[in-house]
Amino acid sequence: MNFIVSSTLLLKNLQALSGVIGSNNTLPILDSFLFEISSNELVVSATDLETTMIAKINVQSKDSGSIAIPSKILLETLKAFPPDTPITFLIDNENYSIDISAIEGKYKLTGQNGKEFPKIPKVTGTTKFEIDADALYAAISKTLFATGTDDLRPVMTGVYCQFNKDDITFVATDAHKLVRYRRSDIKSEVAKTFVLPKKPLNQLKNTLGNLEKSKVKIESNDSNAFFSYENINLICRLIDGNYPNYEVVIPSDNPNKLNVDREVFLNSIKRVSIYSSQSTHQIRFKISGNEIRINADDPDYGNSAVERLTCKYKGEDLEIGFNSRFLIEMLSNIDTQTVNLEMSTPNRAGLIIPVDPENKSEDVLMLVMPVMLNY
């Protein structure tokens, strides 16, 4: 079995798939890519048993067959070739040896029987939905950072996806912060909800970011979700369990409203937070009139910092504390010039809402829990 392929084309696709391969696989074959040849098409698969990615690549070949090729050595070899180098793969189906020829060199490695590679889940009994690649990329990018890391609450380690006839909604929370991303310009004929794990979402984010004006077909059943776009397929196991009722924690009455330049606000928090306690990362806002005073201190080392910013504020004078890392994450994932920070009391959650987003059908709400101030 043999085929010829461009080094750049193959490397690009293998790098897109390589993020799926785990670092401590229980099965040695999971450290490999599965190569399947049929006529002039090469289908490459990678899996960790929970997430599978598949890429289809055009090659020159008249053969058919399959083999599992070690991923690390193959990637390192391809990276060392000049761009668009024609590479010939000659594979012995009996002893699974692989001879690679390129330029004036020859390279030999040993693979495994492709038939021993784990079976790919089949697309059966699914509901179907289609979404623009840039919309899905935005939904993932603006929610993924807010997912939790507590394995005792697995549903909160993923992103909750809700498709219905009026809009789509993506939600992520770790109980300290929450992001709700909603699009009213995208609708689904069939109502469907599921929770996607973090790893496949990172894979989608990494590959969708380079696409323009592409469509992503999403299919799901009770156990898996299937994503198809351009020459890539991604299959992932859904997180089982009921997502918490996030709507009940979003405060509806927030009389104290702060309007401020997002970038100025973000950079000020970054500077002041350097002087905050390294265990709590607490910063304090003291808001009155049209001024917000941001300060932090670390009594263990005698460090402190304070900055004053002008803002537009409507409400009573307020002093409230937040974890600076959460605020930095949230403000860094907003792309509008100004933001509103809506609050009620020092012990209730604050809302960060983008002002005048470029896409008027995009509704982003970010919630952050306050921290108790140490007076």
- In the range 74-132, which strands (runs of 3 or more DSSP E) lie fully inside it and hold 1 or more residues that are in contact with a Pro (Cβ under 7 Å, 6 or more places away or on another chain) and at pLDDT 95 or above? 105-110
- Task: Filter the range 26-61 down to residues that are touching a Phe, Trp or Tyr at 6+ places or on another chain (Cβ under 9 Å) and in a loop (DSSP other than H, G, I, E, B) and give me whichever is nearest to V123 (Cα to Cα).
- Result: N40
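Mind listing whichever residues of the range 322-366 are among the polar types (S, T, N, Q) and either open to solvent by 40 Å² or more (accessible area, probe 1.4 Å) or closer than 22 Å to V249 by Cβ (or both)?
First pass over the range 322-366, keeping only residues among the polar types (S, T, N, Q): 323-324, 332-333, 336-338, 340, 344-345, 347, 359, 361.
Correct list: N323, S324, S332, N333, Q337, N340, S344, T345, N347, N359.
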- What tally of residues in the range 190-213 results from selecting those that are open to solvent by less than 70 Å² (accessible area, probe 1.4 Å) and of a type in the set (G, A, S)? 1
- Query: Which of the residues spanning the range 251-272 are open to solvent by less than 20 Å² (accessible area, probe 1.4 Å) and assigned to a helix (DSSP H, G or I)?
  - Reply: F265, L266, S268, I269, V272
- Query: If you take the residues in the range 282-321 that are within 19 Å of R262 (Cβ to Cβ) and among the acidic types (D, E), which one is least open to solvent (accessible area, probe 1.4 Å)?
  - Reply: E307
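The values are calculated or read from the model by the stated rules, or taken from the named source; none is laboratory data. Keep in mind the model is a prediction, meaning the values are calculated, not measured. In this analysis, Cβ positions are derived from the backbone assuming ideal geometry, glycine residues included, and neighbour counts consider all displayed protein chains. Just the protein is used for accessible areas: all its heavy atoms, side chains included, with ligands, DNA and RNA removed. Shrake-Rupley method; radii C 1.70, N 1.55, O 1.52, S 1.80 Å.
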